[in-house]
Structures are given as structure tokens and as C-alpha cells.
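The block underneath contains the structure these notes are about, expressed in C-alpha cells.
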Amino acid sequence: MKHEKILDVVRTKEKTAEEIAHETKITLAQTKRLLLRLLAQGKIESLEKDGKLFWKIKEKNKTEERFKYL
């Protein structure tokens with residue numbers, strides 16, 4: 001599925017939406033929609049560097065792990 005392709009691309013290195021779209025061969029508009037969906041699901045996170053928005057796999061933090069079932 002397309003969201004799995006995106007997760008595979010950002011698993012190793014943070015990338016921009018344009019880089020992700022290019023590597024997955026998914027349109028930029030659809031890539032951005034999928035990125036927002038994955039963000040809402042808590043699977044990825046974004047960060048800004050040098051004025052660009054990068055996407056990466058969300059790092060798990062110990063507090064979130066402790067309270068995820070509450």
C-alpha cells in the first residue's frame with residue numbers, strides 16, 4: 001500500500017514531501033495527504049530544518065509508552 005511505501009522511505013532518513021513523492025512515485029498532493037494521515041495516526045513526525053519541512057518515523061518516548069493503554 002502507498003502509506004507503507006512512505007514509511008519505508010522515511011524509516012532510514014528524514015526526507016521532504018517532494019523527496020518522498022519522487023522516491024515512491026506517488027503524486028506530491030497524494031503524498032502530502034498520506035503524510036498528514038500518518039501524522040494523525042502517530043506513526044511519523046515532522047521537523048523543520050533550514051526552512052524546509054522534513055518527515056521521519058516517530059521516535060517513541062518512554063512516557064508515551066507507559067501511558068499508551070490508559
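Can you say whether residue 15 is out of contact with any Gly (no Cβ under 7 Å at 6 or more places or on another chain) and without any contact (Cβ under 8 Å) to a residue 12 or more places away in the chain, as far as the supplied structure shows?
Answer is no for this residue.
Considering only the stretch 30-61, state which residues are of a type in the set (A, V, I, L, M, F, W, C), assigned to a helix (DSSP H, G or I) and either surrounded by 10 or more Cβ atoms within 10 Å (Cβ to Cβ) or touching a Gly at 6+ places or on another chain (Cβ under 6 Å) (or both).
Once the filter is applied, which keeps residues that are of a type in the set (A, V, I, L, M, F, W, C), assigned to a helix (DSSP H, G or I) and either surrounded by 10 or more Cβ atoms within 10 Å (Cβ to Cβ) or touching a Gly at 6+ places or on another chain (Cβ under 6 Å) (or both), the stretch 30-61 yields 34, 35, 36, 38, 39.
Listed residues 25, 2; which is modelled with pLDDT under 95, farther than 17 Å from residue 59 by Cβ and surrounded by fewer than 19 Cβ atoms within 10 Å (Cβ to Cβ)?
Testing whether each residue is modelled with pLDDT under 95, farther than 17 Å from residue 59 by Cβ and surrounded by fewer than 19 Cβ atoms within 10 Å (Cβ to Cβ) leaves just 2.
Out of all the residues in the stretch 5-22, which are surrounded by fewer than 14 Cβ atoms within 10 Å (Cβ to Cβ) and in a helix (DSSP H, G or I)?
Matches in the stretch 5-22: 8, 11, 12, 18.
The values are calculated or read from the model by the stated rules, or taken from the named source; none is laboratory data. All values reported here derive from a predicted model rather than from experimental measurement. All Cβ positions, glycine included, derive from the backbone under ideal geometry; neighbour counts span all protein chains shown.
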